[in-house]
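Report on the structure given below.
The values are calculated or read from the model by the stated rules, or taken from the named source; none is laboratory data. These numbers were taken from a predicted model, which means no experiment stands behind them. In this analysis, Cβ positions are derived from the backbone assuming ideal geometry, glycine residues included, and neighbour counts consider all displayed protein chains. Note: areas computed on protein heavy atoms with side chains; ligands, DNA, RNA excluded. Shrake-Rupley method; radii C 1.70, N 1.55, O 1.52, S 1.80 Å.
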Amino acid sequence: MKPLVYYIFCILLAVPALLSAKVDLQALKAELNKEPKSPEKVTKLIDASKKSYEEYPQEAIKFADEALKLATELKDRNGIVNAHSHLGLLYVNKKSENFEEAQRNLIRAINLKNRLAREDSKYNPVSISKDYRLLAFIMESEKKQEKALEYYQRGVTYAVDGKDKMEQIHGFNSIGDILNKMNKHEGALLAFNRSLRLANELGLASQVREIENKRETTRTLLNNFIEKQEYVMELENIEEEIEFVKDSLTKEITKEQESKQILISEKELLENERAKKEAEIKAKEQQVKAQEQALLAQEAEKRNYIIGGAAGLILFLMIIIGLTSRIRAKKKANEAIQLEKQKSDDLLLNILPENVADELKESGKVMPSFHEEVSILFTDFKGFTSIATKLEPGHLIQKLETAFEAFDDIIDKYGLEKIKTIGDAYMAVANLTRNDPHHAINAVAAAMEMQEFMDQWIGRQKRKGEEIWELRIGIHSGPVVAGVIGQKKFAYDIWGDAVNVASRVESSGEAGKVNISADTYELVKSYCSFEDKRTVRVKNKGMVDMYFVTDITARRRPKPQTSPSKVRKKKRWF
């Protein structure tokens, strides 16, 4: 649908023809030929163009062209301006539609009118506003929405300068319409509000009703658009998670196939060991039941022998002995079952946090949980792919195990929860399974101790002439959702935008340093010293502020959140 401005200008062109009788073209030309060359003739040529357009559109354009040539010859600036404006209007109309010529003439008219306005402070800028609205209509017809919006906005500016409220109403209505087409409904709502206020001031009842209808339609579009955007954001988050997993898997595939197979085999071995232990527990239970049945049978047989005897005391003693044997056997069987159950529980705790494991054992499933603020720690070895190609698979796994065992001890010490390892990447979270008000500084302290361990390890590697392993660490704080996925070989994991940001912070860091986001910095700035802030472009997030931690200061140090059952006699940062 063409905008309101189009029909307004069509009506403006048609009005002179409707108000007059049929045009006598020959008489009109004869009358103009008698006129001497003057600014008055320029005006009459433009009037003739307006009168003849409805019946003779091509002749009307010729009159306007002649007016422009004469005004140029006479150096009549007002005539030149009026001729260009009129030609622009003629070429916009459907009878002589030529948007290229219309645009050229309108831009020329606007430039000349601006020059006249600078020279004469009394010059009315409203005509410039109308020219800009015509230009905007041309841009809309050519699907150039951004340019059309720019021209409508310029037109409104000139209408405001000229204090023409009616022209402002038309301008704001056009801006609202095009912003709705561009899905910028909030801006459209503001434009219609401005237009409605002006229409009320002028007492234009029909205009008020029309604008109120547009405003209500825009509110509906805005609500629908917000709901759609929220849905799109959810899809983008899901796609981001999928992309993260794909990146991790692609990184693993590029490594030595034998190394990958060994890592997978270890996981399968752990699952098989657990299944084996469960089978052994069931076998033990069956064995205990069989022993109980055998004891009962033996007791029954003994009672049959004793009944024939006359010694009541001997019968009593035999029963006592049988019961005692049964109790001892049952106690030993229960102890064996308890031992195997403890082994199975310990194996489960190596896979899941304690509270999650308890929930899984009690209900057979784990409900997802939202955590408003946690601190996520990612590590990655620099150049691990090239290192892996130079080492034997067994030696490679041994090295990784040495590093990850040390990391396990450190995060245990500071109350973090290990989530998973993916190849050479290690992920842990603070404030996930316990209430830790100092989760951010505990995560930073754990990261600093990891780098301290790596410094000592690198020293040993250098003395042995071995390949140097350097570590990058990134930390970000924010909300996540945690839960268990899968029914077979299940895994405890976390999701959310904060996880993606933490990964990007780690990959944007440097080997041997602890890189943290601005959100984490706000939580730990009172406890640490830092290098100068850096701003890094992050995929899908734009520019993100980051800081390298240089030291943990001696002021206001909270105690690490160490579980009483896992106290270790290693060096602490606090």
Original post:
Carbon and sulfur atoms: what percent of the 1.4 Å accessible area of the stretch 178-221 do they account for?
Top reply: 50 percent
Subject >> Cleavage-rule hits (GluC sites (Glu not before Pro)) in the stretch 129-213: DSSP loop, at most 14 neighbouring Cβ within 10 angstrom >> reply: 142
**OP:** Provide the three semi-axes, in whole Å and in decreasing order, of the ellipsoid equivalent to the stretch 417-521 as defined by the square roots of 5 times the Cα gyration tensor eigenvalues.
**Re:** 27, 18, 13
Subject >> Where the stretch 69-130 is the region considered: accessible area per residue in Å², 1.4 Å probe >> reply: 54 Å²
**OP:** Could you check the simple spin-label distance between residue 25 and residue 77, using points 7 Å along Cα→Cβ, in nm with one decimal?
**Re:** 3.7 nm
Subject >> Label-to-label distance, nm, for residues given as residue 526 and residue 408 (7 Å Cα→Cβ offset) >> reply: 3.6 nm
Original post:
On full extension of the chain, what length is gained from residue 97 through residue 289, given 0.36 nm per residue of separation minus the C-alpha to C-alpha distance?
Top reply: 59.3 nm
Original post:
Cα-Cα pairs above 17 Å in the stretch 91-185: how many percent?
Top reply: 50 percent
Original post:
Cα convex hull of the stretch 47-105: how many Å³ per residue?
Top reply: 63 Å³
Original post:
With labels modelled as points extended 7 Å from the Cα through the Cβ direction, what inter-label distance (nm, one decimal) is found for residue 104 paired with residue 332?
Top reply: 11.0 nm
Subject >> Derived scalar couplings ³J(HN,Hα) [the stretch 515-523; Karplus, 6.51 cos²θ - 1.76 cosθ + 1.60; whole Hz; x for Gly, Pro] >> reply: 9, 10, 7, 5, 5, 5, 4, 4, 8
**OP:** Would you kindly state how much longer the chain becomes between residue 420 and residue 397 on full extension, computed as 0.36 nm times their sequence separation minus their alpha carbon distance, in nm to one decimal?
**Re:** 6.7 nm
Original post:
Given a Förster distance of 30 angstrom, what is the FRET efficiency for residue 111 paired with residue 536, based on the Cβ-Cβ distance and rounded to 0.05?
Top reply: 0.10
Original post:
So if we plug the beta-carbon distance of residue 201 and residue 40 into 1/(1 + (r/R0)^6) with R0 = 41 Å, what FRET efficiency do we get, rounded to 0.05?
Top reply: 0.60
**OP:** Determine, from the Cβ-Cβ distance of residue 213 and residue 510 and an R0 of 51 Å, the FRET efficiency 1/(1 + (r/R0)^6), rounded to the nearest 0.05.
**Re:** 0.30
Original post:
If you find the alpha carbon centre of the stretch 96-150 and of the stretch 454-471, how far apart are they in angstrom?
Top reply: 71 Å
